[in-house]
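Take a look at the structure set out below.
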Amino acid sequence: AAIIFVQGEADWNGTNYATYLAGLGTTVTDGFRTPLGQSNLPIIIAALGRYTSGSGSDTTTYEHVKRAKYDYVGATANTYIVDRIDCTLADGLHLDGPGSAKLGARLAQAFKVHLGTATQYRGPSIAAVNKVNSTTFNAILSHRLGSDITPATQITGFKATDPGAGGAAITVTSALRQSATVVQLVLASAPVGLPVISYASGATPVITAMARDNSALALPIEWAEGITAVEKTASVSLVNASNAAQVSLTGLKWAWFDQASPDSFAAPTDKGTGEVTDGSGVLTVLIGNSGKTSGQAGWLIVTDSDGNPATVHKAFSGPVAVS
């Protein structure tokens with residue numbers, strides 16, 4: 001048996017994250033598990049859906065309840081969180097028949113995981129957001145039940161804010177599938193600092209073209225709030241034959257490969273031109289498309305060649321760790 005908990009829409013008005021998180025824990029322990037004498041009773045919790053008829057104080061703490069549910073499940077044994085943000089509504093709040101059927105199938109999948117007859121029940125999550133250039137950022141997905149996403153273009157639901165400009169919103173002009181694990185976001189303007197990315201946030205996220213996985217349940221990318229983009233880089237100190245630092249070199253071309261040996265090369269994940277070394281002879285390049293994480297090695301090629309074998313040129317080629 002399990003408790004299926006589809007509740008919370010009336011609680012966001014006036015609550016906060018800590019209050020709801022504590023209250024949810026009390027409800028599960030003192031309301032369900034202790035009275036029933038089952039300390040490990042599985043609790044399957046439906047995340048909040050949309051609330052399209054609310055306004056003002058009705059929705060100001062909506063994200064607090066969302067985050068509390070996800071965090072509670074992440075920290076509590078035998079609890080499960082099921083997304084329903086894309087389930088259709090009968091009014092401004094309650095699910096209609098098809099929406100209820102969709103949620104029911106997802107709840108059942110979570111119970112199958114508890115029973116051991118399935119291994120996964122959740123959709124893809126955003127593991128990180130990497131800077132590619134001043135206005136382009138890659139949302140890196142981690143899959144669970146599925147292995148790919150659709151649609152490939154005009155994906156909806158992403159939001160961006162700029163902490164360097166007081167948290168001002170930045171329009172996401174496009175969200176495109178780059179691969180099974182990458183959605184590339186293009187912002188209307190370059191943020192002052194690194195942007196903060198959210199998905200399916202707020203009471204009324206745009207769901208017309210949400211990214212869903214290729215599982216039979218077509219699970220959307222899960223709610224994510226406040227993921228700060230990072231600058232994933234690779235750096236190398238360039239020197240001449242006498243081992244002297246090559247400072248302020250200009251016009252450098254480069255390519256990064258996720259494979260750490262030339263005999264394994266596929267296509268470069270990142271490349272560029274017009275790069276320069278700093279005052280210490282260090283070249284640092286952004287590798288926002290790379291699948292490598294900090295400390296892992298890939299292969300960096302750097303040259304000032306014009307492509308003519310007869311022209312004297314300088315070059316570096318070797319393994320470099322991601323920073």
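The values are calculated or read from the model by the stated rules, or taken from the named source; none is laboratory data. On a predicted model such as this, the values are computed, not experimentally measured, just so you know. So basically every Cβ, Gly included, is an ideal-geometry build from the backbone, and we count neighbours across all protein chains shown. Accessible surface is based on the protein model in full, side chains and every heavy atom, while ligands, DNA and RNA are left aside. Shrake-Rupley method; radii C 1.70, N 1.55, O 1.52, S 1.80 Å.
Assorted remarks:
- Options ALA180, ALA168, ALA160: the member that is hydrophobic (A, V, I, L, M, F, W, C) and farther than 23 Å from ASP83 by Cα: ALA168
- Given (1) surrounded by 20 or more Cβ atoms within 10 Å (Cβ to Cβ); (2) touching a strand residue (DSSP E or B) at 6+ places or on another chain (Cβ under 6 Å); (3) more than 26 Å from ALA180 (Cα to Cα), index of the condition PHE32 fails: (1)
Residue by residue, here is whether (1) open to solvent by less than 60 Å² (accessible area, probe 1.4 Å); (2) touching a Leu at 6+ places or on another chain (Cβ under 6 Å); (3) under 19 Å from ALA211 (Cβ atoms) holds:
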{"site": "ILE81", "(1), (2), (3)": "yes, no, yes"}
{"site": "ALA90", "(1), (2), (3)": "no, no, no"}
{"site": "ALA101", "(1), (2), (3)": "no, no, no"}
{"site": "ALA127", "(1), (2), (3)": "no, no, yes"}
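- First in the stretch 37-54 and open to solvent by less than 10 Å² (accessible area, probe 1.4 Å), second anywhere and at pLDDT below 95 and of a type in the set (Lys, Arg), Cβ under 6 Å, 6 or more apart: LEU48/LYS66
- Note on the stretch 149-176: among residues that are in contact with a Pro (Cβ under 9 Å, 6 or more places away or on another chain) and in a loop (DSSP other than H, G, I, E, B), the one that is surrounded by the fewest Cβ atoms within 10 Å (Cβ to Cβ) is THR156.
- Selection status of ALA234, in contact with a strand residue (DSSP E or B) (Cβ under 9 Å, 6 or more places away or on another chain), open to solvent by less than 30 Å² (accessible area, probe 1.4 Å) and over 18 Å from TRP299 (Cβ atoms): no
Here's the yes/no breakdown for (1) open to solvent by 50 Å² or more (accessible area, probe 1.4 Å); (2) modelled with pLDDT of 95 or more:
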residue	(1), (2)
GLY272	no, no
VAL302	no, yes
GLY307	yes, no
ALA315	yes, no
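- Filtered residues of the stretch 241-260 (kept if touching a residue at least 40 places away in the same chain (Cβ under 8 Å) and out of contact with any Asp or Glu (no Cβ under 8 Å at 6 or more places or on another chain)): GLN246, PHE257, ASP258, GLN259, ALA260
- The stretch 177-206, residues that are open to solvent by 30 Å² or more (accessible area, probe 1.4 Å) and closer than 30 Å to LEU93 by Cα: THR204, VAL206
- Of the numbered criteria (1) open to solvent by less than 40 Å² (accessible area, probe 1.4 Å); (2) outside any loop (DSSP other than H, G, I, E, B); (3) within 28 Å of VAL113 (Cα to Cα), the one GLU225 fails is (1).
- Some residue of the stretch 46-55 being over 26 Å from the mean Cα position of the chain (by Cα) and of a type outside the set (Gly, Ala, Ser): no
- Cβ separations smaller than 6 Å between residues 6+ apart or across chains give the following pairs from the stretch 182-196 residues that are under 10 Å from ILE170 (Cβ atoms) to residues that are open to solvent by 20 Å² or more (accessible area, probe 1.4 Å) and part of a loop (DSSP other than H, G, I, E, B): LEU187/THR135; ALA188/THR171; ALA190/SER134; ALA190/THR135.
- Within the set ALA190, ALA209, ALA218, ALA203, the sole residue that is at pLDDT below 95 and in a loop (DSSP other than H, G, I, E, B) turns out to be ALA203.
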